[in-house]
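I have placed the structure first, in the form of structure tokens, so that the comments after it can refer back to it.
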Amino acid sequence: MTRTLRSVGVDLGDRSYDILIGPGARHGLAALLPVGARRAVIVTQAGIDVKVEPGIDHEVVEIGRGERSKSMETVGELGRAMARFGLSRSDVVIAVGGGLVTDVAGFAAASWHRGTPVVHVATTLLAQVDAAIGGKTGVNLPEGKNLMGAFWQPHAVICDTETLSTLPPEEWRSGFGEMAKYAFIGVDGLPGMPLEEQVAACAALKARVVSADEREGGLRMILNYGHTLAHALEAAGFAAEPGDVLDQVGAGPAAGPAAGHPLPRPQPVPLPLRHGEAVAVGLVFAARLARALGRIDDGRVREHDEVVSAYELPARLPRGAEPAQLIEFMLRDKKAHGELTFVLDGPRGVEPVAGVPSGLVTEVLAELKGP
């Protein structure tokens with residue numbers, strides 16, 4: 001029995017595109033390529049056992065795994081591979097992988113000849129519900145995550161749910177953590193839906209938000225729900241992506257933005273959290289912070305706890321995470337502008353809230369310290 005694929009549109013005028021969702025969706029890749037494209041560079045990673053057939057002359061280029069490969073050096077390597085292959089501006093880059101692959105390949109495509117079409121074939125749950133959609137691309141610098149990048153909307157996005165069957169448990173948890181935020185920004189009854197419906201519902205909501213606010217001038221900030229603490233945990237070395245090692249755990253309180261010197265970098269230690277797991281902790285934290293500010297009640301906090309629990313995600317800070325250190329990293333968040341700013345639930349729904357007192361943040365973080 002053939003299962004029907006779902007199509008979700010991202011409405012951006014002459015840059016609009018479709019997200020194709022469902023089992024076997026990758027087999028429709030050739031029909032989604034830009035008209036006139038004669039060559040394709042397929043960007044992927046070793047270990048991603050997902051084959052695609054673009055129907056045109058193509059070359060496969062593998063990039064490294066882990067956040068250390070999300071770099072300008074990798075973009076340069078991709079550019080040289082494109083040059084050797086003779087990729088033109090009217091050809092296409094195809095990203096096959098998770099969020100790291102779509103971020104790096106998207107940035108390389110945005111830079112190649114000042115803009116070459118890119119099609120994302122998302123192979124992880126996190127990429128299918130979030131990372132591959134919306135046109136944010138970027139790479140890291142030693143000074144911070146995603147500091148170099150561009151808004152470059154894809155020509156199309158493919159979310160083939162068949163590819164999820166090979167994911168290890170930690171990849172599922174990471175995807176579920178990113179997915180959980182959608183339960184509070186507009187998708188009702190999310191945990192009880194069949195998986196394909198969950199992916200489609202999250203993709204559809206993100207498509208609507210991106211269509212209304214492409215460059216994160218206002219509404220799109222709700223997609224960062226739970227992420228302020230998550231990004232602080234990542235920056236402090238308590239969470240990262242596969243293949244990474246942590247190099248800041250136990251560094252003690254971080255140097256503030258005005259301190260004029262880099263953070264200490266002790267020896268690598270094993271990873272305790274994935275990105276989506278850090279987001280889950282961030283959701284639990286954001287609910288308690290909103291309650292402390294009088295924005296929501298105990299019942300709404302319980303809803304957050306229940307969703308996080310339904311996805312079997314962590315709800316406590318990892319061992320060794322200290323409020324003072326995390327607050328310093330929160331002040332470096334791009335939303336901060338010199339004061340603690342969070343995306344929080346409230347009477348009007350989820351929205352940015354600026355000027356949150358650091359003492360209150362410290363108290364709420366202390367509540368979440370694990371045993």
Step by step: first the residues of the stretch 316-357, then only those that are closer than 29 Å to M148 by Cα and of a type in the set (D, E), then the one that is modelled with the lowest pLDDT. Which residue is that? D333
State the number of residues belonging to the stretch 53-78 that are closer than 15 Å to V41 by Cβ, out of contact with any Leu (no Cβ under 9 Å at 6 or more places or on another chain) and surrounded by fewer than 14 Cβ atoms within 10 Å (Cβ to Cβ). 2
Checked the stretch 342-352 for anything surrounded by fewer than 19 Cβ atoms within 10 Å (Cβ to Cβ) and either among the hydrophobic types (A, V, I, L, M, F, W, C) or not in a loop (DSSP other than H, G, I, E, B) (or both); matches are E351, P352
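When you scan the stretch 1-117 for helices (runs of 4 or more DSSP H) that lie fully inside it, which ones turn up with 3 or more residues that are under 19 Å from the mean Cα position of the chain (by Cα) and of a type in the set (V, I, T)?
Answer list for the stretch 1-117: 99-111.
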Options G177, G192: the member that is small (G, A, S), in the same structural domain as G13 (by TED's automatic domain parsing) and in contact with an Asp or Glu (Cβ under 6 Å, 6 or more places away or on another chain): G177
Taking L360, is it crowded, with 19+ Cβ neighbours inside 10 Å, at pLDDT 95 or above and outside any strand (DSSP E or B)? no
Which listed residue is closer than 20 Å to V353 by Cβ, of a type outside the set (F, W, Y) and surrounded by fewer than 18 Cβ atoms within 10 Å (Cβ to Cβ), from E312, E339, E328, E306: E339
Could you tell me whether any residue of the stretch 140-160 is more than 16 Å from A40 (Cβ to Cβ), buried (at least 24 other Cβ atoms within 10 Å of the Cβ), within 12 Å of the chain's Cα centre (by Cα) and of a type in the set (S, T, N, Q)? no
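Condition check ((1) under 30 Å from G47 (Cβ atoms); (2) at pLDDT 65 or above; (3) touching a strand residue (DSSP E or B) at 6+ places or on another chain (Cβ under 9 Å); (4) not hydrophobic (A, V, I, L, M, F, W, C)) across all residues:
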position: E241; (1), (2), (3), (4): yes, no, yes, yes
position: P257; (1), (2), (3), (4): no, no, no, yes
position: G260; (1), (2), (3), (4): no, no, no, yes
position: G294; (1), (2), (3), (4): no, yes, no, yes
position: Y311; (1), (2), (3), (4): yes, yes, no, yes
Taking E171, is it modelled with pLDDT under 95, under 14 Å from the mean Cα position of the chain (by Cα) and over 16 Å from V104 (Cβ atoms)? yes
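The values are calculated or read from the model by the stated rules, or taken from the named source; none is laboratory data. Being a predicted model, the structure only gives us computed values, none of them experimental. Here Cβ is always computed from backbone atoms with ideal geometry, including for glycine, and neighbour counts include all displayed protein chains.
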